[in-house]
Amino acid sequence: MAHLLVAPSLLSADFSAPGEAVRAIDASGADWVHFDVMDGSFVPNITFGHKLVADTRPFSPLPFDAHLMTEHPDRHITDFACAGADLITVHLEAAVHIHRILTAIHDLGKKAGIAIVPSTPVSALTEVLSVTDLVLVMTVNPGFGGQKLIPATLDKARALCSIRKEKNYPFLISVDGGINEETAPLVREAGVDVVVTGSAFFTTADQARFVRTMRGT
Ligand code: DX5
Ligand code: ZN
């Protein structure tokens, strides 16, 4: 089993000091910094825009993983690419021309991810799996941190593992929502490559130990 990548989400950080939160993620031994971008329309909540990515970029060399929970993601990918995001993930449910958007993210020189909410089946991804670098399986209904993982969503991660093996696709499988010390073993068993964790990371007393626990090391 390759090294499980841990991507703490800024969603649960103290927004009065985002740079310090990114520095803490870096110091914890985590692998990526996850930015939960919410527009108050695609999901109920509003969080932040590309300026937060740009302003926190100097605080860590870790890959910045921008998860766009927004309508019209095509309008935002250039700003996030210029701000310093390394991976830009858009929701399948947010646009008709997703194949074009994933290609546009690659044309910007960035990795492209596709996210699906709990009610979207893996079969809806069939035509874009060959042009994506990451599939983000939402393990909660997006919009808020601190929710409980929906166990049935892990079957989607398992299905993606099989499809990837069968077709020899290179995409990573990531899960996001309700990932903590209790659910991490379940998630590892489902064969994912990346875990996004927000509230559990920012409430633990020992973030380095928490990251090791996510990896099962
Ligand atoms: C969508 C967000 C959250 C966040 C993780 O709601 O994408 O899932 O990253 O939040 P926790 O780890 O607190 O469930
Ligand atoms: Zn996210």
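The set of residues in segment 164-185 being open to solvent by less than 80 Å² (accessible area, probe 1.4 Å) and outside any loop (DSSP other than H, G, I, E, B) consists of Arg164, Leu172, Ile173, Ser174, Val175, Asp176, Ala184, Pro185. Per the listing Ala184, Ala190, Ala200, the residue uniquely more than 20 Å from Ala115 (Cα to Cα) and at pLDDT 95 or above is Ala200. All conditions in (1) open to solvent by 10 Å² or more (accessible area, probe 1.4 Å); (2) more than 20 Å from Ile98 (Cβ to Cβ); (3) out of contact with any strand residue (DSSP E or B) (no Cβ under 7 Å at 6 or more places or on another chain); (4) assigned to a helix (DSSP H, G or I) hold for Ser130, with the sole exception of (2).
Out of the residues in segment 82-110 meeting the condition of being of a type in the set (Asp, Glu) and part of a helix (DSSP H, G or I), tell me which one is least open to solvent (accessible area, probe 1.4 Å). Explain how you work it out, then say what you get.
So the first thing to find is which residues in segment 82-110 are of a type in the set (Asp, Glu), and the list is 86, 93, 107.
Then keep just the ones that are part of a helix (DSSP H, G or I); that gives 93, 107.
On the way: Glu93: 68, Asp107: 125 Å².
Applying the filter and picking the extreme gives Glu93.
Matching residues to (1) more than 24 Å from Thr204 (Cβ to Cβ); (2) touching a helix residue (DSSP H, G or I) at 6+ places or on another chain (Cβ under 8 Å); (3) modelled with pLDDT of 95 or more; (4) open to solvent by less than 40 Å² (accessible area, probe 1.4 Å):
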| position | (1), (2), (3), (4) |
| --- | --- |
| His3 | no, yes, no, no |
| Phe15 | no, no, yes, no |
| Arg23 | no, yes, yes, no |
| Val33 | no, yes, yes, yes |
| Asp39 | yes, no, yes, no |
| Thr47 | no, yes, yes, yes |
| Thr56 | no, yes, yes, yes |
| Phe64 | no, yes, yes, yes |
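The residue pairs whose first member lies in segment 128-139 and is modelled with pLDDT of 95 or more, whose second member is of a type in the set (A, V, I, L, M) and assigned to a loop (DSSP other than H, G, I, E, B), and whose beta carbons are closer than 8 Å, counting only pairs six or more residues apart or on different chains, are Val137/Val192; Met138/Val117; Thr139/Leu149; Thr139/Ile150; Thr139/Ile179.
Within segment 180-199, the presence of a residue that is within 14 Å of ligand 2 (Cβ to nearest atom), without any contact (Cβ under 8 Å) to a residue 60 or more places away in the chain and not hydroxyl-bearing (Ser, Thr, Tyr) is excluded.
Of all the numbered requirements in (1) under 14 Å from the mean Cα position of the chain (by Cα); (2) free of Cβ contacts under 8 Å to residues at least 12 places away in the same chain, Thr217 misses one, and that requirement is (1). With a requirement of 1 or more residues that are over 21 Å from Val187 (Cβ atoms), the strands (runs of 3 or more DSSP E) lying completely within segment 1-81 that satisfy it span 33-38, 64-69. Residues in segment 111-127 that are aliphatic (A, V, I, L, M) and surrounded by 16 or more Cβ atoms within 10 Å (Cβ to Cβ) were compared, and the one that is nearest to ligand 2 (Cβ to nearest atom) is Ala115.
The values are calculated or read from the model by the stated rules, or taken from the named source; none is laboratory data. The model shown is predicted, which means the values in this text are computed figures rather than measured ones. Counting neighbours? That spans all protein chains shown, and the Cβs are built from the backbone with ideal geometry, glycine included. Accessible surface is based on the protein model in full, side chains and every heavy atom, while ligands, DNA and RNA are left aside. Shrake-Rupley method; radii C 1.70, N 1.55, O 1.52, S 1.80 Å.
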